[in-house]
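Asks: First the structure, which I've put down as structure tokens, then a few questions once you've had a look.
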Amino acid sequence: MAARDFVRGFLIFARLCFVLSLYEDQIGKFDWRQQYVGKVENLYWEQSPGLGMGKKIFVSTEKNVLAAINTHNASIAWRKVFEEGARGKVDQLLYNDDALVTVIGGRRIIRWDSTSGNLIWEFFLPGNTDKPTTATLTDKTRGGQVFVLSSEGLYGLSMSDGSQKWRVPLSDIATMNYQYVLQSEETVYVIGIHFGSHVSVMATDFEGTVISTKMVTAAWIRENTKCDIVKHTNLLCYDQETDVFYLLKATRPDKFIPTSLQDQGVTRDSPVTTDWRSSVTSLGTDSVVVRLDADHLAVLQPTDHGLLLKKDLPKFSAGLIIRLDDKDTHRDVLLAVQKVNPEELMLKGFELDTGKEIPDLNQNINFPCSHGLPVELTGILARKKDGQLVYKVIILSQDYSIQLIHKSGNVAWKREEALAYTLTVEMVDLPVSENQAKFEDEFGSQEDNILTMFTKRLKTQISQLKTFFEWKIQQLQGHRHHPLTLKKIDEDEEEEEELLRDEFNLHKMIVIATAAGKVFGMSSRTGHILWQHYLPDLSPFRSLGKDKLLLYIQRGTSHFPHPPQGVVIGRNKISGHGHLFAFNPITGQLVKDMPSGGVTLKYIVKQAFLLGEIDEQFLKGVVFLDDQDQVHTYPESIQEHLKNVLSSLYIYTCDDETGLMKGYTVFRRENKLYADQVWSINLQKKQQTITQVIPKRTNEHVHSQGRVLGDRTVLYKYLNPNVVVVITEGEETGSQAQTQKGPMNFFNLYVIDTVIGHVIFHANHRRTKGPISVVHSENWIVYSYYSDKQRRYEMASLEMYEGNEQSNATAFSSFVAPKQPFVMSLAFIFPLPISTMTTTITEKGITNKDVIIALKTGALFTLPKAFLDPRRPPTPTQETMEEGTIPYSPDLPVNTEGIINYNQTLSNIQGIYTAPAGLESTSLVLAYGLDIFHTRVEPSKMFDVLKEDFEHWIIASVLAIMFLLSFVTQKLAARKALNRAWK
Amino acid sequence: MAAPMIQMMMLLFIGFMYLSTVMTYEDEYEGLRTLTLEHALDRGPNPEYTKRGSILIKSVKKNKAHFSSIGPVTFEEKRALRRLVEENGIYRIRVPLKGTGEKEDYVSTFIPACSVYESALSDQLIVSVDQSGEVIGISIMGNPSHCSGLDVPDSNLTNWNTMVEISQTIQGPVPDTQTYIERMKREEQAKAQGQQGDNRSFIAKYWMYIVPFVIIVFLMQSMDQQGGQEGAGGGGGR
């Protein structure tokens, strides 16, 4: 008996282990991956003598990435992704004589092989690393050394093997901040700053012997004073209060030489505000480009008497100085870009010594306004044999994009690095074709009589015939033309794409809102960017310790002739008020009366959400709650419509600073809407902090209201749409905690009805810690956490049921619902670290659900929900067999067939978005983070479509043969019957 | 006439409760706890709250708590409630907590006023308490909870008939390796036993197959012999 049960259990288990994997020839057929590096902080052009310059660029970015990018096609030659947070931050990238050295996390000095990206050596700095570490490299001709300055000492490392040659301890490490290490021909200088008092300059030779130490008074120097090294041995500082530049020569550290730009005749409105680090470029040359404003540059030359203004460049937003080596002489060439009109940049070249323009270099560059202003310019310049100057220039822009410009002024390529900062994603159905729309129109209306319907039918068929012939003619002519196409971005590469819904609605428009303030429209089939907007004033909300942008689709594509509408809501960078941008998600066009940068709202947004109801124009309104408890809407006109649903409108807020959750109803007074607080929950701020609030997906359909048990009774699901899951994390205090070693972390999970403020369920997990990822769908919650006690990752699953009777089948009301549903829970061990999770979503919710888990290893793993069923029995019985539950085993299986991104590793996955396709079996998946990956999953296999390798011909021929045979045998039988009758 | 009686009963009851809690104080670490319950019978916004009674929590663990009202419902309160029901308003309650800061913190909730009215003031309160005994929230539920437009006579609106339930944070689930291992062990044992029971000799185990085989072979042989003889005889006869 038991053996038979076991076999049955095994069979069920085997049935559940779907083969989700792809065949080899299906790779890339419905999935694509895009790799990014993030916002570039340091950039160097490859300089390998002999092979030609500039085959690659080396970049280090804000996203803790070091990468080499091929300059001929923008592809990533190699990429290193370091740990998240401060530990993996690339503090400095140094490149000299083909030696690539990075300072990572303040204490790791690593040399990389520039061609392959392999690690050559690593040096680990002892001591604490709270203070910054900097380094500088010497040429091979001068011994090939790396000088590393930490907060405690100066180290001389060998370039070839990374061994420590010498160490010089620093004095006064408590008060001095050693931040700069400089070098001249034979000397290393270390500059330390004592804020508000003085600066010390210590000089040592290359062997680590101290030559001299000098003090220079600098009472004006503050912690926020911006300084940088210019022209190898000079320290240039800018004092914001007095608007004065100070220059210190490390070779002769007597005093800071002050220079005021006003004295030099530069006029400007505001003092230097933009970030300094990226504003001082071109270290190799005598002069330096200093940014004074977003579009104002100045070229300064350090001299013995202070700074000399070489050139004032108003209206220019980025520039660089390149040293051009002609046979014997060398001269400095200044390249600078200026925005001449919203769609164009003007690049100008100047001879720096004379200040004359070089007309050869002047060029207009196509530069759409979706990039903002250029921020930085780097490039290489060379003289061809015929004496002509050629250059390759890379422009870094405000929107984090990187683009390469050739001499011809063409944009060779672009990388949209803003996509590495994706915060919110929505997928929008594409519109149906004109014919299909007519079809819908034909059968959609009810009041037509037979005659009009008949004429409509005829008209549609004629137009169908017309388009068919048009299409045939176009095919014969050899080129295709589509009425609904967009301005292409890359003329050469990108094929024209038809923005029409396909048969199974698998091709969608992906709308992406990024923290960089950029909104993209992307084709889900190819991953090509179809439209983009840059909103300079938009920044994400900061809520519960995370950046957040809201992206809502107010109207879909199914309400012809009304265009679809989407809206992005964030915070204004400067004022902190709400910032809103409404657009057509298919074409990317702005909504009428919408300025190109979006609108700033007149209030601080505390809460915003999309209304479930639609108005006469099929538009869903967005409701805002401001910090004065006033309620606003977008568009304003929706307020009239809102009157009807006011009594069923509830708003909740969640404040992680006070630990309070509050609920509001909305009332009307003097034509304005106000929120009235009706409930509150106190989540005990002094013990714990709210870290996550997870509502359910609004577009989710639940097909089955209950589940059938082994004894044929039905267990009804608790399907309360108003439920949110709240996660709080904290540290245990008190006598119990003190007996244990170290802090006792815990987290609590609350299931809260947001209409009446009722805590439906609350559970506590002791000795566990985050990051916690939660999936909340239908009547179940799955969450993962790290167990401190067992030192392993665990997953828990909750399911809520009403019981054997359903309280209200037609409409759910929080007021009459059962207050305490029946909650089942079970926990499992998950063998791998998890970064985030989500669940699949399908059109009607009939298909089984899979939990999609993004692993820290870079894999996307799908796990059937059945494995996370809290009803998995500890010992299988006849009844549980009947129900079809898998016997409980504490560990969850991770089989490689479930990894949907096969070998395409994804770095730092921040979120996964799923969307239903037109096919019930299929769910579309987009994982985003540093990389973007799109694919489809079929949690219950493809039950509604024939397989690709389905043998149509065999089936058809078999059918034909059967038909023939039956025909022939019928004939024969008839003849036989006739013959028999004659006998 | 009945009101003073009930009040006295209540006092006695409280007294009794108090005594019993003093007695059980030792094994209840959270101890006796009294929460003030306030309600608002005007429409709001920012309604005025008045005291409705107090909730006495005897034991969080054993889910023992009860409500004691400050007295019978006054005429004004009844009128206010009726007006609230007519206006389709909401009935709000709140519990002040000893807040950490200067301001007093509240946990509060609400219910459609008709629900309180039609259930003739019988309701159920759920006080949610976290693992360290702090009150995090309160909910109220009319009994029955749905409204059907009934008219309730004043005499039925005199006393609160309130049940209090405590819902304490439970321990979350943990992976249950123990029972799984036990199950595996049991299965292994069963298997081992099954194997042990079968240590009979080969013939003892499979005699039922061997015997018919032997018989068949035996029979075949005898048939062969017979056939051979017949064949031989036939040959001879020819």
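Asks: Does A:M942 meet the test of being open to solvent by less than 20 Å² (accessible area, probe 1.4 Å) and modelled with pLDDT under 90?
Replies: No, not satisfied.
Asks: Moving on to the next point. Considering region A:650-665 alone, what residues qualify as being surrounded by fewer than 20 Cβ atoms within 10 Å (Cβ to Cβ) and without any contact (Cβ under 8 Å) to a residue 60 or more places away in the chain? Quick ask: steps written out before the conclusion?
Replies: In the first step, residues of region A:650-665 are kept if they are surrounded by fewer than 20 Cβ atoms within 10 Å (Cβ to Cβ); the result is A:650, A:653, A:655-658, A:660.
A:T653, A:D655, A:E657, A:T658, A:L660, listed by residue number.
Asks: Which number in (1) open to solvent by 30 Å² or more (accessible area, probe 1.4 Å); (2) more than 27 Å from the chain's Cα centre (by Cα) marks the one condition that A:T847 misses?
Replies: It is condition (1) that A:T847 fails.
Asks: Tell me, please, whether a residue that is in a loop (DSSP other than H, G, I, E, B), facing another protein chain (nearest Cβ under 9 Å) and surrounded by fewer than 15 Cβ atoms within 10 Å (Cβ to Cβ) can be found in region B:144-164.
Replies: yes
Asks: Oh, and also: Is there a residue being among the hydroxyl-bearing types (S, T, Y), within 12 Å of another protein chain (Cβ to nearest Cβ), in contact with a Phe, Trp or Tyr (Cβ under 7 Å, 6 or more places away or on another chain) and open to solvent by 20 Å² or more (accessible area, probe 1.4 Å) anywhere in region A:632-649? Give the derivation first.
Replies: The first filter runs over region A:632-649 and keeps only residues among the hydroxyl-bearing types (S, T, Y), leaving A:633-634, A:637, A:647-648.
Next, from what is left, pick out any that are within 12 Å of another protein chain (Cβ to nearest Cβ): A:647-648.
Going one step further and asking which of them are in contact with a Phe, Trp or Tyr (Cβ under 7 Å, 6 or more places away or on another chain), we end up with none.
There is no residue in region A:632-649 that is among the hydroxyl-bearing types (S, T, Y), within 12 Å of another protein chain (Cβ to nearest Cβ), in contact with a Phe, Trp or Tyr (Cβ under 7 Å, 6 or more places away or on another chain) and open to solvent by 20 Å² or more (accessible area, probe 1.4 Å).
Asks: Turning to a different aspect of this structure: Taking the stated definitions as given, is A:S558 among the polar types (S, T, N, Q) and farther than 23 Å from A:I638 by Cα?
Replies: So A:S558 does not fit the description; no.
Asks: Only one of (1) more than 8 Å from chain A (Cβ to nearest Cβ); (2) open to solvent by 70 Å² or more (accessible area, probe 1.4 Å); (3) free of Cβ contacts under 8 Å to residues at least 40 places away in the same chain; (4) in contact with a strand residue (DSSP E or B) (Cβ under 8 Å, 6 or more places away or on another chain) fails for B:Q178. Which number is that?
Replies: (4)
Asks: A:Q878 passes all but one of (1) surrounded by 19 or more Cβ atoms within 10 Å (Cβ to Cβ); (2) farther than 18 Å from A:I932 by Cβ; (3) of a type in the set (S, T, N, Q); (4) in contact with a helix residue (DSSP H, G or I) (Cβ under 9 Å, 6 or more places away or on another chain); which number fails?
Replies: (1)
Asks: Take A:H579 and tell me if it is assigned to a strand (DSSP E or B) and open to solvent by less than 70 Å² (accessible area, probe 1.4 Å).
Replies: Answer is yes for this residue.
Asks: Against the definition (over 24 Å from A:R415 (Cβ atoms) and not in a helix (DSSP H, G or I)), how does A:W121 come out, yes or no?
Replies: Yes.
Asks: Also, quick follow-up: Taking the residues in region B:66-82 that are touching a residue at least 40 places away in the same chain (Cβ under 8 Å) and in a helix (DSSP H, G or I) as candidates, determine which candidate is least open to solvent (accessible area, probe 1.4 Å). It would help to see each step written out before you state the result.
Replies: Residues of region B:66-82 that are touching a residue at least 40 places away in the same chain (Cβ under 8 Å), as a first pass: B:66-69, B:71-73, B:78, B:81.
Cutting the leftovers down to in a helix (DSSP H, G or I) gives us B:78, B:81.
On the way: B:K78: 31, B:L81: 10 Å².
That would be B:L81.
Asks: Quick one: A:S558 ticks every box in (1) open to solvent by 20 Å² or more (accessible area, probe 1.4 Å); (2) more than 22 Å from A:L430 (Cα to Cα); (3) among the small types (G, A, S) except a single one, so which number is it?
Replies: Condition (2) is where A:S558 drops out.
Asks: Checking A:P876 against (1) without any contact (Cβ under 8 Å) to a residue 60 or more places away in the chain; (2) within 14 Å of chain B (Cβ to nearest Cβ), only one condition comes out false. Which one?
Replies: Evaluating A:P876 over (1) without any contact (Cβ under 8 Å) to a residue 60 or more places away in the chain; (2) within 14 Å of chain B (Cβ to nearest Cβ) leaves (1) as the failure.
Asks: Moving on. Between a first residue in region A:360-389 that is in contact (Cβ under 8 Å) with a residue 24 or more places away in the chain and a second residue that is acidic (D, E) and surrounded by 16 or more Cβ atoms within 10 Å (Cβ to Cβ), which pairs have beta carbons less than 9 Å apart while being 6 or more apart in sequence or on different chains?
Replies: Here the result reads A:S370/A:D399; A:H371/A:D399; A:G372/A:D399; A:L373/A:D295, each pair linking region A:360-389 to a residue that is acidic (D, E) and surrounded by 16 or more Cβ atoms within 10 Å (Cβ to Cβ).
Asks: What's the number of the only condition in (1) more than 14 Å from chain B (Cβ to nearest Cβ); (2) open to solvent by less than 30 Å² (accessible area, probe 1.4 Å); (3) touching a residue at least 40 places away in the same chain (Cβ under 8 Å); (4) under 21 Å from A:V567 (Cβ atoms) that A:G706 fails to meet?
Replies: Tallying (1) more than 14 Å from chain B (Cβ to nearest Cβ); (2) open to solvent by less than 30 Å² (accessible area, probe 1.4 Å); (3) touching a residue at least 40 places away in the same chain (Cβ under 8 Å); (4) under 21 Å from A:V567 (Cβ atoms), A:G706 fails exactly one: (4).
Asks: Then there's this: Here are A:L610, A:L590, A:L683: which of them is hydrophobic (A, V, I, L, M, F, W, C) and within 14 Å of chain B (Cβ to nearest Cβ)?
Replies: Answer to the check: A:L683.
Residue-wise test of (1) modelled with pLDDT of 85 or more; (2) surrounded by 16 or more Cβ atoms within 10 Å (Cβ to Cβ); (3) within 27 Å of A:E46 (Cβ to Cβ).
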position	(1), (2), (3)
A:W121	yes, yes, yes
A:F124	yes, no, no
A:T136	no, yes, yes
A:R142	no, no, yes
A:S171	no, no, no
A:T175	no, no, no
A:E185	no, no, yes
A:V188	yes, yes, yes
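Asks: Tell me whether region A:610-621 contains one or more residues that are over 26 Å from A:L580 (Cα atoms), of a type in the set (D, E, K, R) and surrounded by 15 or more Cβ atoms within 10 Å (Cβ to Cβ).
Replies: no
Asks: Continuing with this model, one more query. Step by step: first the residues of region B:114-127, then only those that are within 11 Å of chain A (Cβ to nearest Cβ), in contact with a Gly (Cβ under 9 Å, 6 or more places away or on another chain) and in contact (Cβ under 8 Å) with a residue 40 or more places away in the chain, then the one that is most open to solvent (accessible area, probe 1.4 Å). Which residue is that?
Replies: Per the criteria, the residue is B:Q124.
The values are calculated or read from the model by the stated rules, or taken from the named source; none is laboratory data. Quick caveat, the model's predicted, so the values are computed rather than measured. A quick note on method: Cβ atoms are made from the backbone with ideal geometry, for glycine too, and the neighbour counts reach across all protein chains shown. For the accessible areas, the whole protein counts, side chains as well, though only heavy atoms, and no ligand, DNA or RNA atoms are used. Shrake-Rupley method; radii C 1.70, N 1.55, O 1.52, S 1.80 Å.
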